[in-house]
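These notes are about the structure you will find just below.
The values are calculated or read from the model by the stated rules, or taken from the named source; none is laboratory data. Only a predicted model underlies this, so the values are computations on that prediction, with no experimental measurement involved. Cβ atoms come from the backbone with ideal geometry, glycine included; neighbour counts cover every protein chain shown. When the accessible area is computed, the model is the full protein with side chains, heavy atoms only, and any ligands, DNA or RNA have been set aside. Shrake-Rupley method; radii C 1.70, N 1.55, O 1.52, S 1.80 Å.
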Amino acid sequence: MSKTMQSTLSPDVKQRMFAASLAARSQAHAPYSQFAVGAAVLDEHGNIHSGCNIENAAYPQGWCAETTALGAMVMAGAKRALAVLISGPGPDVITPCGGCRQKLREFGDEKLLVIAADPGGIRQSWSLGQLLPASFGPDHLKNQA
Ligand code: THU
């Protein structure tokens with residue numbers, strides 16, 4: 001899969017990511033917030049990895065759908081994320097939390113496409129650079145003086 005796909009995902013890929021995010025959302029473990037979220041990450045090989053939010057009775061120990069999806073991507077052997085599609089309940093458009101923006105940065109650059117959706121469809125998209133400007137990433141560790 002070429003890097004240009006980051007900004008120009010085909011309708012078919014977007015549709016498959018959307019379907020994967022909704023399927024993941026149906027697995028959400030969100031008994032405390034009742035706010036079910038599903039995420040689908042597209043890797044550099046064109047494969048899609050999905051995950052849901054998983055909450056915990058000790059509230060701070062829960063984590064987001066994006067984190068589960070990134071874990072699935074890494075476990076499948078991929079190291080580069082080109083895009084993530086996140087489905088929340090609607091009607092408000094949701095964006096990844098600050099911690100997940102940084103986790104996405106580990107596996108993608110400023111061009112990584114972040115797409116927000118709800119069960120009715122895709123709503124809005126941004127680049128990771130828009131959501132996490134002037135970010136710190138793995139490249140900084142490689143470029144020490
Ligand atoms: N949540 C996600 O999984 N992803 C987001 O992008 C926003 C928030 C989850 C965390 C928590 O389980 C619930 O939604 C309410 O914040």
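With protein chains left intact and a 1.4 Å probe, residues in region 1-98 average 49 Å² of accessible area per residue. Can you give me the C-alpha center-to-center distance between region 32-82 and region 108-145, rounded to a whole angstrom? Taking the Cα centre of region 108-145 as reference, the centre of region 32-82 is 15 Å away. Compared with the alpha-carbon gap, the fully stretched path from residue 33 to residue 76 is longer by 12.5 nm at 0.36 nm per residue. In terms of overall dimensions, region 61-145 has a Cα radius of gyration and Dmax of 13.5, 50 angstrom. Would you work out what percent of the accessible area of the chain, with all protein chains in place, is carbon or sulfur (probe 1.4 Å)? It is 55 percent, rounded to a whole number. Mind running the shape call on the chain? Use the C-alpha gyration tensor, a ≥ b ≥ c as the square roots of the eigenvalues: rounded below 1.5 for a/c, prolate if a/b tops b/c, oblate otherwise. It is oblate, given that a/c is not under 1.5 and a/b is not larger than b/c. The simple Förster model, with R0 at 35 Å and r as the Cβ-Cβ distance, assigns residue 142 and residue 57 a FRET efficiency of 0.30. Taking label positions 7 Å along the Cα-Cβ direction at both residue 26 and residue 110, the computed distance is 4.0 nm, reported to one decimal. 3J(HN,Hα) couplings calculated from phi for region 130-143 with the Karplus curve 6.51 cos²θ - 1.76 cosθ + 1.60 (θ = phi - 60°) are, in sequence order, 6, 7, 9, x, 6, 7, 9, x, x, 4, 5, 6, 7, 9 Hz; Gly and Pro show x.
The helix-based estimate of mean residue ellipticity at 222 nm for the chain, built from -39,500 (n - 2.57) per DSSP H run of four or more residues and divided by its residue count, is -9000 deg cm²/dmol to the nearest 500. Less than 5 angstrom separates the built amide H of residue 62 from those of 56, all sequence-distant by 5 or more or on a different chain.
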